[in-house]
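As structure tokens, the structure follows; a few thoughts come after it.
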Amino acid sequence: VQILTIEDTTPPVITCPGDVTIDCSDSTDPASTGEATATDDCSGVTITFSDASNGACPEVLTRTWSAEDDCGNISTCVQLITIDDTTPPVITCPGDVTIDCSDSTDPANTGEATATDDCMGVVVTYVDTRSGACPEILTRVWTAEDGCGNVVSCTQVITIDDTTPPVITCPGDVTIDCSASTDPASTGEATATDDCGSVTITYVDSRAGACPEVLTRTWSAEDDCGNISTCVQTITIDDTTPPVITCPADV
């Protein structure tokens, strides 16, 4: 009796597909990136693969292909799949708006940009630049950046206007003696407030009549944008004091 032991110690011959670079939106399936082939001198071959990623940008997917024959002989080869993202996000800016100077310029009030990316998450930020006075122009540049550093931007213009005049309060009407001072320090001063900026207060006098004389004082409050409010104070200048007379001596 002769016993023949037929052994297979030769691993299959495996051929890897070539290295490829694909977009992050493309499939990494072997049907898209290529499949390994293998032959064996004795039996059938089973081909499998496993992937390992570096998780960077670009991401490099290391695909290790294995070919195993029926006797457990194994051959391997490596294919590199570079997954790149060169497409910037798509950003949509909120519309230009005009707001009152007392309103908030926060995006919750003026609108927020939105952005999408074909592969990964997006971080949206903005930077403001102000110019002008009345109205003030706030130029808001929105930027969207994806995980691979691709950046896109858009611009929103926010016009900050002031159309509200100050609130002015006149001092009360007064009656003074003709010998008294008509200076506001003596007769009272107007006060004013504004919802946005500073206020300049002035007055103009107009006189009429004789006894009593009526002084009409028109107070004006003007804000930084030229909005004006006025009120009127009446100052009555009366003379109720008789002259001082000196008689000549009796003779």
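Surface analysis of the chain yields an accessible area of 59 Å² per residue, using protein heavy atoms and a 1.4 Å probe.
Computed from backbone phi, the HN-Hα couplings of region 62-71 come to 8, 9, 9, 8, 10, 10, 10, 8, 5, 9 Hz, rounded to whole numbers (Karplus: 6.51 cos²θ - 1.76 cosθ + 1.60, θ = phi - 60°; Gly and Pro given as x). Label point of Val124 set 7 angstrom out along Cα-Cβ; within region 138-170, amide nitrogens under 19 Å from it belong to 139-159. Each residue of region 170-177 was assigned a 3J(HN,Hα) from its phi angle through the Karplus expression (A = 6.51, B = -1.76, C = 1.60, θ = phi - 60°), giving 7, x, x, 4, 9, 10, 10, 6 Hz with x at Gly and Pro. For region 1-71, rounded, prolate or oblate, judged on the Cα gyration tensor with a ≥ b ≥ c (square roots of eigenvalues), a/c < 1.5 rounded, else prolate if a/b > b/c? Here region 1-71 falls in the prolate category.
Using only the Cα atoms of region 40-108, build the gyration tensor, take square roots of its eigenvalues as a ≥ b ≥ c, and label the shape rounded, prolate or oblate: rounded if a/c is under 1.5, else prolate if a/b is larger than b/c, else oblate. In terms of gyration-tensor shape, prolate. Assuming R0 = 35 Å, what is the FRET efficiency of Thr202 and Asp177, from their Cβ-Cβ distance, to the nearest 0.05? Computed FRET efficiency for Thr202 and Asp177: 0.85.
Evaluating 6.51 cos²θ - 1.76 cosθ + 1.60 at θ = phi - 60° for every residue in region 42-56, the Karplus couplings come out as 10, 9, x, 10, 10, 10, 9, 8, 9, 10, 9, 10, 8, x, 9 Hz, glycine and proline recorded as x. Kirkwood radius, the chain, all distinct C-alpha pairs, inverse of mean reciprocal distance: 27.5 Å.
Each part gets one Cα centre, and for region 176-219 versus region 51-65 those centres are 83 Å apart.
The values are calculated or read from the model by the stated rules, or taken from the named source; none is laboratory data. Predicted model, so just to flag it, every value in this text is computed and none were measured. Note that each Cβ is placed from the backbone with ideal geometry, even for glycine, and that neighbours are counted across all protein chains shown. These accessible areas exclude ligands, DNA and RNA; they are computed on the full protein's heavy atoms, side chains included. Shrake-Rupley method; radii C 1.70, N 1.55, O 1.52, S 1.80 Å.
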